[in-house]
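Contents: one structure, followed by commentary.
Taken together, the values in this text are just the output of simple stated rules run on the coordinates, not laboratory data. What you are looking at is a predicted structure, and each value in this text was computed from that prediction instead of being measured. Virtual Cβ from ideal backbone geometry, glycine too; neighbours counted across all protein chains shown.
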Amino acid sequence: MTAPLTTRPPAPAAARSDDFRAEVRTFLASPEVREELRRFSDLPAGREPGHLEVFRLLGERGWLAANWPVEYGGLGLRAVDAATVAEELGLAGVPDVAHVLSVDIVGLFLLMAGTDEQKARHLPPLARGERLATVLYSEPGVGSDLGSLRTTAEREGERWRVTGRKIYSQKSQFASQALCAARTCDGTGSGITLFLVDLTGPGVRVSPIWNATEERFDDVTLDVLVGDDDRIGPLHAGFAVLNTCLALERTGIDYQAKVRRWFDSVRDTAEQLGLLGDEALRQRLVALDTEILAGRLLAYQAVEAVDAGAVDPVVSARSKWFNTELARAVVELALDVAGLAGTATRWDGEPGWRETVEGIYRESPNLRLSAGTSEIMLKVVATLGLGLEG
Ligand SMILES: Cc1cc2nc3c(=O)[nH]c(=O)nc-3n(C[C@H](O)[C@H](O)[C@H](O)COP(=O)(O)OP(=O)(O)OC[C@H]3O[C@@H](n4cnc5c(N)ncnc54)[C@H](O)[C@@H]3O)c2cc1C
């Protein structure tokens, strides 16, 4: 008899959230959610899910931004509870890009740096899942080195004229707003300021950048006027806030959940194919399962640092790097387990693309690139963590 290969003891912090986790998991397993997930897995190539009903339903319960204050649409819970929701979304296969962009990045930036008036105006619709917001940081030739961005914002009376070109954003075709980083001066601070740009108004052009995955990137050209009441955070010195937010959003929770989901699917496939009697494969599965458990602990360590008010960019970078590099190992394993069948797509009669080996093969590099590449994560740990000069 073969012993079960996958064990999932709760992470220390997660143990405290067990009732909440069970409630979220039950909801995500409900027929209405499963039916919506089935519908988007049937979307033709080039068509991706936008504003999902599941987010509105999560928002109704206050779960979309569980750790936000109640007056802004959250439940006033801890970061570990918000992480529980993110993890369950990943495990349930709910596409999380819109949630990450709207709540974990734009919402977080507003919470950290917005005025009370800006928070009251913008956060509740994001928390209710009624509005999507996206992130316009990267530019042609400007990704890892964000400090060199060229989009400008110049004063025009009471407003700002924001002009430039942004690439690699996602969901801009569905979002009504975007958090946009622009250069406001060359002198004091870093000279970078953040603005909340209305994407539905004049002066915005969005076109697709097709890539290997099912979710497109956007190329966004801006020549827009933004009111000073939508300038978010400090003038000329937004870069420091942006960097703090990056550490907060790099806990790795969503990545590790996705990797766990992929691993479990590979394990199940190996079982269905009758491969679990192969000792070498069993050892590989056990080793990878253990690494994924370790990645989960690293991710919860980063989340607990948030709850303790001691966000540590090194802890976050380590978790982000470790969990996303694991994706590569899971995909290699998936290819070995599935063999030639692993090249089949959903158009070959396979289940939805998120379940197929070729689907995760195409998606996995994204994990190592978005929110800071693996090399940049290593650089953060080397310089800030180990004190190694570059
Ligand atoms: C799935 C996904 C979603 C994204 N979503 C958004 C979004 O919503 N909004 C947005 O603005 N952008 C988004 N991006 C863009 C993302 O932030 C950039 O792709 C990322 O920062 C890397 O920038 P780059 O592509 O310009 O690569 P570059 O910065 O040019 O890097 C190229 C290579 O050089 C390496 N490298 C660069 N600098 C160093 C260094 N100092 N030391 C060592 N190695 C280095 C990198 O690791 C990489 O391997 C997204 C990207 C992906 C993949």
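A straight Cα-to-Cα reach below 27 Å connects K320 with the lysines K166, K171, K258, K379, residues fewer than 8 places away in its own chain not being considered.
Name the shape class, rounded, prolate or oblate, that the alpha-carbon gyration tensor gives for the stretch 87-179, where a ≥ b ≥ c are the square roots of its eigenvalues, rounded holds for a/c under 1.5, and otherwise prolate holds if a/b is larger than b/c and oblate otherwise.
In terms of gyration-tensor shape, oblate.
Over the chain, Cα pairs under 8 Å with separation of 6+ residues give a relative contact order of 15 percent. Spacing of the modelled spin labels on D268 and V70, each 7 Å from Cα toward Cβ, amounts to 3.9 nm. Quickly work out the E35-to-T373 label distance, labels modelled 7 Å from Cα along the C-beta direction, and quote it in nm with one decimal. Going from the T373 label point to the E35 one covers 4.5 nm. Which angle from 0 to 90°, rounded to the nearest 10, does the C-alpha axis of helix 31-41 make with the longest principal axis of the chain? Helix 31-41 and the main axis of the chain meet at about 80 degrees. With a ≥ b ≥ c taken as the square roots of the eigenvalues of the C-alpha gyration tensor of the chain, please select rounded if a/c is under 1.5 and otherwise prolate if a/b is larger than b/c or oblate if it is not? Prolate, because a/c is 1.5 or more and a/b exceeds b/c.
For the chain, the longest principal axis of the C-alpha atoms and the axis of helix 18-28 are separated by about 90°. Local charge sum around G238 (other residues, Cβ-Cβ under 12 Å, Lys/Arg +1, Asp/Glu -1)? Net of charged neighbours comes to +2.
Working note: 222 nm ellipticity from helices only, DSSP H runs with n ≥ 4, each -39,500 (n - 2.57), summed and divided by the residues of the chain, gives -14000 deg cm²/dmol to the nearest 500.
Which aspartates and glutamates have a Cα lying under 13 Å from the Cα of K119, excluding residues fewer than 8 positions away in the same chain? Excluding near neighbours in sequence, the set is E71, D229, D230.
With an a/c value of 1.5 or above and a/b not larger than b/c for the gyration tensor axes a ≥ b ≥ c computed over the alpha-carbon atoms, the stretch 252-297 is described as oblate. Taking the three principal axes of the alpha carbon atoms in the stretch 135-241, the coordinate ranges are 41, 29, 18 Å, sorted in descending order.
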